[in-house]
1. If you go through the stretch 140-152 one residue at a time, do you hit one that is β-branched (Val, Ile, Thr), part of a loop (DSSP other than H, G, I, E, B) and open to solvent by less than 60 Å² (accessible area, probe 1.4 Å)?
2. Could you list all residues from the stretch 178-192 that are without any contact (Cβ under 8 Å) to a residue 40 or more places away in the chain and open to solvent by 60 Å² or more (accessible area, probe 1.4 Å)?
3. For residues that are outside any helix (DSSP H, G or I) and without any contact (Cβ under 8 Å) to a residue 24 or more places away in the chain, scanning just the stretch 63-106, find the one that is nearest to residue 328 (Cα to Cα).
4. Name the residues in the stretch 208-224 that are open to solvent by 40 Å² or more (accessible area, probe 1.4 Å) and touching a residue at least 40 places away in the same chain (Cβ under 8 Å), would you?
5. Could you list all residues from the stretch 154-177 that are surrounded by 24 or more Cβ atoms within 10 Å (Cβ to Cβ) and over 22 Å from residue 61 (Cα atoms)?
Amino acid sequence: MKDFANANARDLKHAVTLAEQAHRAGRGASFAGGGSDLLGLAKERLVAPDVLIYLKTIKGLDRVTKAAGGLDIGGLITLDALSQHPIVRQEYGVLAEAAGSVATPQIRNVGTLAGNVCQRPWCWYFRNGFPCFKNGGKTCFSATGENQFHAIFGGGPSYIVHPSDTAPALVALDAKFRIVGPSGERIVPAAEFFVLPRDNSARENILGPDDVLASVQIPAARPGTRSTYHKVLDREAWTHAVVSAAMVLEMDQDVCRSARIVLGGVAPTPWRLPEVERLLAGQRITPDLAVKAAETAVAGARPLGKNGYKVPLTKGVVRRTLVDLAGRA
């Protein structure tokens, strides 16, 4: 890992200015909040910044505040603090559960919400420096190689899966992201923040090199809303979802008025299931309907040579999570 200069940002505008100045001078710059993923990328020589712009010196970006009937969550809040926040736990259980499922307690005490949303893929070809699409090459080695944990939806030309736990929860909650960059601030729906490889094979989101994910805005929970996050792992801790499901149901007793269901671990972006949502709207959630929803959930799956097991696993996750959530009082 090469030497780099450290720059402490006073505010978001200053952080963006520091990045612009570095890039104009032909120097690499990276933003650091918790720095968990950045440190790994630097050790693996996938990034080599000349300037590290430290964001933790900016005050107020680690808070949860009531705003416009919902919540405004600073991008620098730690995953542990987010998972323990009383309002998040009470009204947005899917997000609290997702944040609390990340990695280990040590990582959650350091890692931030923005960092979790923006982390790079954990495909072993990418992380080991193969000249793949994510490393500037023109090949996805996983397509015909070791693809046990790769995408069954939305793949091509790269078949990575998005590694974030909080991202599916935020899409399911219809969150919006506040981004600060050289042209000022802009608000982007969470569902439009992530990009498929066919749109940009080198990146996973719309952030430019001088953009910062500053905060997340979540609308107020509607009456009768229930939500949860269910995650299947290949080992007990310090790993990413093989398959996960973030569900938000608006219930009237046992009738589902509306649903938002987003999968993790199966696609290059958080993978929403609109056909399943339409199937559930206005219906009583019965075991038979849950089975039909699970079948509908995998209708477009395109597994690779070694990850076909994810299809029945996804069906099981959708069915069990739906029945469990609908049955809660």
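The values are calculated or read from the model by the stated rules, or taken from the named source; none is laboratory data. On a predicted model such as this, the values are computed, not experimentally measured, just so you know. As a convention, Cβ positions derive from the backbone with ideal geometry for all residues, glycine included, and neighbour counts pool all protein chains shown. Calculation scope for accessible area: heavy atoms of the full protein, side chains included, ligands and nucleic acids excluded. Shrake-Rupley method; radii C 1.70, N 1.55, O 1.52, S 1.80 Å.
1. Yes, the stretch 140-152 has at least one match.
2. 183, 185, 186, 187, 192 - these are the residues of the stretch 178-192 that are without any contact (Cβ under 8 Å) to a residue 40 or more places away in the chain and open to solvent by 60 Å² or more (accessible area, probe 1.4 Å).
3. Looking at residues that are outside any helix (DSSP H, G or I) and without any contact (Cβ under 8 Å) to a residue 24 or more places away in the chain, I get 85.
4. The answer is 209, 217, 219, 220, 221.
5. Hits for the stretch 154-177 are 155, 158, 159, 160, 161, 162, 172.
Residues are listed down the side, and each one gets a yes or a no for (1) among the basic types (Lys, Arg); (2) crowded, with 16+ Cβ neighbours inside 10 Å; (3) in a loop (DSSP other than H, G, I, E, B); (4) touching an Asp or Glu at 6+ places or on another chain (Cβ under 6 Å):
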position: 2; (1), (2), (3), (4): yes, no, yes, no
position: 7; (1), (2), (3), (4): no, yes, no, no
position: 15; (1), (2), (3), (4): no, yes, no, no
position: 18; (1), (2), (3), (4): no, yes, no, no
position: 26; (1), (2), (3), (4): no, no, yes, no
position: 31; (1), (2), (3), (4): no, yes, no, no
position: 38; (1), (2), (3), (4): no, yes, no, no
position: 42; (1), (2), (3), (4): no, yes, no, no
position: 45; (1), (2), (3), (4): yes, no, yes, no
